[in-house]
Amino acid sequence: MMPKYLILMLVIALPLMSCSWFQKQAAEPTPQLNQPQTSVSWTLEDSQAAAHSLAGEVLSLKWLSDFTVKYERTPVMMVDKIRNLTDEDITMDSLIKEFSRELMKGGKVRIVTLREDRPDPSDPKAQTDSAKNVDYVFKGTLDRNGSLDDGARSRLYFVDLTMADNHSGEMVWQGQFRLQKQNLGN
């Protein structure tokens, strides 16, 4: 015959053990069969993520408050060029527009656009009155490591941006956004 304390322990332990088993069963996620696969190539969502991250970094730095205090106005900025160095057909217009939009959101800076008829603001010989009003110019690249043709299991995209003082040419900021994309087919 079992001692009373052993029976009491079994009476208490069995319901607790069964409850934890049911909780584990309910907590396990059911597999999703029709999950959309993430694109291995650069997408509009990637441009938005890069723009949000890089603009947030630029606007959080001390240079902005220093400029506002020194000149008693918001700085005028221009996104000059972001070149696609990948072998993919990726238009940089969406990244440039998204980055400009992210910069303007807080109202801390003003953005001017680069027009075809406006001289290159970084060319000192071609500085016009309107180009002289630009305080900072952004330039950058989109590049990639890893090629699916080589059997790579992933691609690493990175956007490198620099911000330079338009008048002195001094580099004020340099940032990078990295994005790893898995090749779900391998």
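The values are calculated or read from the model by the stated rules, or taken from the named source; none is laboratory data. Small disclaimer: the values here were computed from a predicted structure and weren't measured. Glycine also receives a Cβ, built like all others from the backbone with ideal geometry; neighbour counts cover every protein chain displayed. Note: areas computed on protein heavy atoms with side chains; ligands, DNA, RNA excluded. Shrake-Rupley method; radii C 1.70, N 1.55, O 1.52, S 1.80 Å.
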Quick one: ranking Met77, Met104 by accessible area, 1.4 Å probe, largest first, what do you get? Met104, Met77
Keeping every protein chain in place, order Tyr71, Tyr157, Tyr136 by accessible area at 1.4 Å, biggest value first, i.e. largest first. Tyr71, Tyr136, Tyr157
If I ignore ligands, DNA and RNA and count only protein heavy atoms, how much of Lys132 is accessible to a 1.4 Å probe, in Å² to the nearest 10? 100 Å²
For Thr91, Thr43, the accessible-area ranking with a 1.4 Å probe, largest leading, is Thr91, Thr43
Taking 45 Å as R0, compute the FRET efficiency from the Cβ-Cβ separation of Ser41 and Val69 and round it to 0.05. 0.55
Would you kindly derive the ³J(HN,Hα) couplings of segment 60-67 from the backbone phi angles with the Karplus curve 6.51 cos²θ - 1.76 cosθ + 1.60 (θ = phi - 60°), listing them in order in whole Hz, with x for Gly and Pro? 8, 7, 5, 4, 5, 5, 4, 5
How much of Val79 can a 1.4 Å solvent probe reach, expressed as accessible area in Å² and rounded to 10? 10 Å²
For segment 72-87, in order, what is each residue's ³J(HN,Hα) by Karplus, 6.51 cos²θ - 1.76 cosθ + 1.60 with θ = phi - 60°, in whole Hz (x at glycine and Pro)? 6, 6, 7, x, 9, 10, 9, 8, 6, 9, 10, 8, 8, 9, 7, 8
